[in-house]
Amino acid sequence: SSKTFWTTTGMFPQELIIGFPKCVKISKVAIQCYLVRTLRIERSTSKDPVGFEQCVEKDLQHREGQLQMEEFTLPEFQATYLRFIIKSAFDHFVSVHRVMAEGT
């Protein structure tokens, strides 16, 4: 829902894990967030959310008063879980408004 979001508790790093019903192929990940400085995305193909490996890490641009919209086009990979780690921020609290994954 565009009316909901996830917010951090003020300390970093913070993480958000998204699980899929089964292992899927992903080619692109997009995120809408606010005040995130450094973001890492990891994947796991395990049945449980363990054994993560890094897909991408990026420093995002600060956009005063606007959502950050970042797309990550990646070599196609498989994942059962995606872990988003907010390593640092431009303020004490950040928010994640939408996460999208494309693939099959």
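Computed values, structure above
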| read-out | value |
| --- | --- |
| Pick from segment 54-104, criterion acidic (Asp, Glu) and in contact with a strand residue (DSSP E or B) (Cβ under 6 Å, 6 or more places away or on another chain), ranking: modelled with the lowest pLDDT | GLU76 |
| Pairs where the first residue, in segment 45-58, is of a type in the set (Lys, Arg) and the second is open to solvent by less than 60 Å² (accessible area, probe 1.4 Å), C-beta under 6 Å, 6+ apart | LYS58/LEU39 |
| One residue from GLY19, GLY10 being open to solvent by less than 70 Å² (accessible area, probe 1.4 Å) and either outside any strand (DSSP E or B) or closer than 15 Å to LEU67 by Cβ (or both) | GLY10 |
| Selection from segment 55-67 of residues that are open to solvent by 50 Å² or more (accessible area, probe 1.4 Å) and in contact with a Lys or Arg (Cβ under 9 Å, 6 or more places away or on another chain) | GLU57, LYS58, ASP59, HIS62, LEU67 |
| All positions within segment 68-104 that are over 29 Å from PRO21 (Cα atoms) and either open to solvent by less than 70 Å² (accessible area, probe 1.4 Å) or in a strand (DSSP E or B) (or both) | SER88, ALA89, PHE90 |
| So VAL50, is it open to solvent by less than 30 Å² (accessible area, probe 1.4 Å) and either part of a strand (DSSP E or B) or hydrophobic (A, V, I, L, M, F, W, C) (or both) | no |
| Filter result (surrounded by fewer than 19 Cβ atoms within 10 Å (Cβ to Cβ), in a loop (DSSP other than H, G, I, E, B) and not polar (S, T, N, Q)) within segment 30-47 | LYS47 |
| Inter-residue pairs, beta-carbon under 6 Å, first under 18 Å from THR8 (Cα atoms) and in segment 75-86, second open to solvent by less than 50 Å² (accessible area, probe 1.4 Å) and acidic (Asp, Glu), 6+ apart | ARG83/GLU42 |
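The values are calculated or read from the model by the stated rules, or taken from the named source; none is laboratory data. Computed from a predicted model, the values in this text were never measured in an experiment. Here the Cβ is made from the backbone with ideal geometry for all residues, glycine too, and neighbour counts use every protein chain on show. Please note that ligands, DNA and RNA were not included when accessible areas were found on the heavy atoms of the full protein model with its side chains. Shrake-Rupley method; radii C 1.70, N 1.55, O 1.52, S 1.80 Å.
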